[in-house]
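The values are calculated or read from the model by the stated rules, or taken from the named source; none is laboratory data. Every value quoted in this text rests on a predicted model; they were computed, and no experiment measured them. So basically every Cβ, Gly included, is an ideal-geometry build from the backbone, and we count neighbours across all protein chains shown.
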Amino acid sequence: MSEEESNTESPNGPEKDDWHHFASASYGSADAEPTEVLENETTPEEEWFDGDDYYHSGGSIDWNAPPCPAPLGIAHMIKIGVCDNCLHRIGGRRVDSTGAEGGSILRAEAHSRDSELEKVEIPELCPLCENLFEDVINIVDRIVESTSPYQYSTMQFGIHLPKDMIQSEDSIRTKHGAQGSKTLKPSFVKAIQDEISSRTQGVSFVKESPDIMITIDALTLRVDVDVRPIFIYGRYRKLERGIPQTRWPCRACRGRGGDCENCQGTGLQYIESVQDLIGEPVRNSMEANDTSFHGMGREDIDVRCLGSGRPFVLEVKGPRIRDMDLDKLSEEINSKSSGKVEVNSLRWSLKKEVSRIKETRSEKSYTIRFKVEEELPEDEVVEAISSLSGVTLEQETPKRVSHRRAAKTRKRKVTSISDVTVEGNEVQFSLRCEAGTYVKELVHSDEGRTVPSVREVIGTECEVLWLDVKDIHAD
Ligand SMILES: [Zn+2]
Ligand SMILES: [Zn+2]
């Protein structure tokens, strides 16, 4: 046996895709459009505005007024009751201030041109934004509060606006607003971002790979803050047998722990794993919630992994601290797990590297030691085993994994064999072979399921004593 394939099932179950998980979170109403990020602005259908929905004081509204920035256009917007924010946004005139302040300047100018406008009764809701901008402070209060435990430098926004609101805003704006007026959604996001920038330092707003993703439902004013995980690439060496690669839930309680006797309440079948020996110091340093471990394949629990080590990506979930000295982190891991696990080549990574790591199939070198039933002359053993160099094995799914894998025959090439040594009834050799080769089966033949095999060429039973991954020829 050997390596299992790298896409083997994880004891943690399938990994959740954070974004997918997040995006399907309940923005429930049937007529709501899905949450989207800013660059995917939709273009609502053209719809003729009939004016019936709008309150106005008397019969003085001229629906054929020219669009802004003409003074009559601005006057018309004031008459239908747009708020200062929207007046600035669609008014198309340059003033010294932006947002509501800019709008109030435009309004004052219009009043000085036509004092009648001061008498216009202001409706309760702005027909363009339904007073959305009044919620900016409240929304930013909540964003600032829920992000305060976290270190971050980039933020991305996803805003959900009700479809009918987008459509009616669009029909008024395209008819009466100045050419090139900003649409509601980016203006709203800009207002939120400006408020955030005025309160916190050093945050930039991005359209991909943020440290923090914020989604806002403008209808319910629900604000969700998603702290994105950090990914760290490295290679690990496993120096001691008996350590599984990832956390392995207790078989008796299925990881629940509690008063389980089998695991003394830890929920773990094995107290130590490569995942936690590496991940726990990182989780503590970054004050994170948890980790996921993505290895380029995995070795069996009783197999060491030596040489330059096995590539992996550690996913650090919900980190409160993002700024880290990876050299120090690496020293800390190595001193804490001394003699068990060692890491090298740590560097920052991205989510997309997880799939690269999981999909890479690389050749590996192994050293294997086994016991023979019948002692044989050394030169015969060396010659017989060396004859397997370059052969293509046919390997039926081994008995030990057949309960979770479909039976099939694999063809795997043994690239080379070297360093065959014989000491009494113990034999040892090194080999390099294709990814996915069952190496222990190559030696003992798994009752004839692997052909050819060492068992076959030396003609006596073989019992594997140990196996080491000598090197992984990747990266
Ligand atoms: Zn408005
Ligand atoms: Zn248990």
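Starting from residues that are without any contact (Cβ under 8 Å) to a residue 40 or more places away in the chain, on the phi > 0 side of the Ramachandran plot and surrounded by fewer than 18 Cβ atoms within 10 Å (Cβ to Cβ), keep the ones in region 232-258 and report whichever is farthest from the chain's Cα centre (by Cα).
Looking at the filtered set, the residue picked out is 258.
Only one of 268, 277 is at negative phi and modelled with pLDDT of 95 or more. Can you tell me which?
277
Restricting to region 359-390, count the residues that are assigned to a loop (DSSP other than H, G, I, E, B) and not acidic (Asp, Glu).
9
Which residues, counting only those in region 391-414, are out of contact with any strand residue (DSSP E or B) (no Cβ under 6 Å at 6 or more places or on another chain), farther than 27 Å from residue 293 by Cα and part of a loop (DSSP other than H, G, I, E, B)?
407, 408
Can you pull out the residues in region 130-177 that are among the hydroxyl-bearing types (Ser, Thr, Tyr) and under 30 Å from residue 203 (Cα atoms)?
146, 147, 148, 150, 152, 153, 154, listed by residue number.
Cβ contacts < 6 Å: first residue modelled with pLDDT of 85 or more and assigned to a loop (DSSP other than H, G, I, E, B), restricted to region 59-85; second residue more than 16 Å from ligand 2 (Cβ to nearest atom) and aromatic (Phe, Trp, Tyr), any location; separation 6+ or different chain. Result?
none
I'm checking my understanding of the structure. Among residues of region 249-285 that are under 21 Å from residue 338 (Cα atoms) and of a type in the set (A, V, I, L, M, F, W, C), which one is nearest to ligand 1 (Cβ to nearest atom)?
The qualifying residue nearest to ligand 1 (Cβ to nearest atom) is 282.
Does any residue in region 86-103 that is touching a residue at least 24 places away in the same chain (Cβ under 8 Å) and within 13 Å of residue 190 (Cβ to Cβ) come within less than 8 Å, Cβ to Cβ, of a residue that is among the basic types (Lys, Arg) and in a helix (DSSP H, G or I) six or more places away or on a different chain, and which pairs are these?
Matching pairs, first to second residue: none at all.
Counting only residues that are touching a residue at least 40 places away in the same chain (Cβ under 8 Å) and not basic (Lys, Arg), how many does region 398-446 have?
Residues of region 398-446 touching a residue at least 40 places away in the same chain (Cβ under 8 Å): 398-401, 404, 415, 419, 422, 424-444, 446.
When the remaining residues are screened for being not basic (Lys, Arg), the result is 398, 401, 415, 419, 422, 424-431, 433-439, 441-444, 446.
Counting residues in region 398-446 that are touching a residue at least 40 places away in the same chain (Cβ under 8 Å) and not basic (Lys, Arg) gives 25.
What tally of residues in region 151-173 results from selecting those that are in a helix (DSSP H, G or I) and free of Cβ contacts under 8 Å to residues at least 60 places away in the same chain?
2
Every residue, every condition in (1) crowded, with 16+ Cβ neighbours inside 10 Å; (2) farther than 28 Å from residue 453 by Cα; (3) not aliphatic (A, V, I, L, M), yes or no:
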site	(1), (2), (3)
283	yes, yes, yes
290	no, yes, yes
299	yes, no, yes
305	yes, no, yes
325	no, yes, yes
344	no, yes, yes
357	yes, yes, no
361	no, no, yes
367	yes, no, yes
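Which one of 140, 189 is out of contact with any Phe, Trp or Tyr (no Cβ under 7 Å at 6 or more places or on another chain), on the phi < 0 side of the Ramachandran plot, crowded, with 16+ Cβ neighbours inside 10 Å and among the aliphatic types (A, V, I, L, M)?
On the way: 189 fails: out of contact with any Phe, Trp or Tyr (no Cβ under 7 Å at 6 or more places or on another chain).
Within the list 140, 189, the selection yields 140.
Quickly run through region 346-355 and pick out the residues that are crowded, with 16+ Cβ neighbours inside 10 Å and either more than 15 Å from the chain's Cα centre (by Cα) or outside the structural domain of residue 236 (by TED's automatic domain parsing) (or both).
Within region 346-355, just 346 meets the criteria.
Whether any residue in region 420-440 is among the aromatic types (Phe, Trp, Tyr), in a loop (DSSP other than H, G, I, E, B) and under 46 Å from the mean Cα position of the chain (by Cα) is what I want to check. Talk me through it step by step, then tell me what you get.
First pass over region 420-440, keeping only residues among the aromatic types (Phe, Trp, Tyr): 429, 438.
Filter once more, keeping what is in a loop (DSSP other than H, G, I, E, B): 438.
Among the residues that remain, those that are also under 46 Å from the mean Cα position of the chain (by Cα) are: 438.
Yes, region 420-440 contains a residue that is among the aromatic types (Phe, Trp, Tyr), in a loop (DSSP other than H, G, I, E, B) and under 46 Å from the mean Cα position of the chain (by Cα).
Identify all residues within region 253-265 that are within 19 Å of residue 242 (Cβ to Cβ) and near ligand 2 (Cβ under 7 Å from one of its atoms); write none if there are none.
262, 263
Can you name the residue in region 374-423 that is at pLDDT 95 or above and in contact with an Asp or Glu (Cβ under 7 Å, 6 or more places away or on another chain) and, of all such residues, is surrounded by the most Cβ atoms within 10 Å (Cβ to Cβ)?
Among those that are at pLDDT 95 or above and in contact with an Asp or Glu (Cβ under 7 Å, 6 or more places away or on another chain), it is 395.
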